[in-house]
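The values are calculated or read from the model by the stated rules, or taken from the named source; none is laboratory data. All values reported here derive from a predicted model rather than from experimental measurement. Cβ placement follows ideal geometry from the backbone for every residue including glycine, while neighbour counts extend to all protein chains displayed.
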Amino acid sequence: MEINANCKNEVLYIALVGEIDEHNATEARRKADKLADDFARSKSAVFDLQGVSFMDSTAIGFLIGRYKKFNRYGVRTYLTNPSQSADKILSMSGVYNLMPRI
């Protein structure tokens, strides 16, 4: 999985590209946590899921973990551009209760 990020107007945009599964989650966590630390003064973080081709329960854990990390810094987190199948998984799991879709 690839993670691309940029910050504009105190909003950190994190684009996730590829598969979010157990095979690449450890490295993705490390990269996303570094972004959280580096941009701890951001007002919000938006995870763009447009480039995600596959996600399983590992992705739910990944997203909830990043929500907790950003939340410790007082950074609100959001999700955007999920595929139809990802949207279904995120809705059923309750992730949108923590990280609203925008």
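Structure values in brief
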read-out: Selected residue (criterion: nearest to the chain's Cα centre (by Cα)) from residues of the range 64-82 that are part of a loop (DSSP other than H, G, I, E, B) and over 16 Å from Leu16 (Cβ atoms); value: Val75
read-out: Residue tally, condition closer than 18 Å to Tyr67 by Cβ and without any contact (Cβ under 8 Å) to a residue 40 or more places away in the chain, over the range 11-25; value: 6
read-out: When residues of the range 61-88 are limited to those that are within 17 Å of Pro100 (Cβ to Cβ) and at pLDDT below 95, the one surrounded by the fewest Cβ atoms within 10 Å (Cβ to Cβ); value: Lys88
read-out: Residue that is nearest to Thr26 (Cα to Cα), among those in the range 39-63 that are among the charged types (D, E, K, R) and over 12 Å from the mean Cα position of the chain (by Cα); value: Asp56
read-out: Residues (of a type outside the set (D, E, K, R) and more than 12 Å from Asp48 (Cβ to Cβ)) located in the range 1-23; value: Met1, Cys7, Asn9, Gly18, Ile20, His23
read-out: Unmet requirement for Ser85, which otherwise passes all of (1) among the polar types (S, T, N, Q); (2) touching a helix residue (DSSP H, G or I) at 6+ places or on another chain (Cβ under 6 Å); (3) in a helix (DSSP H, G or I); value: (2)
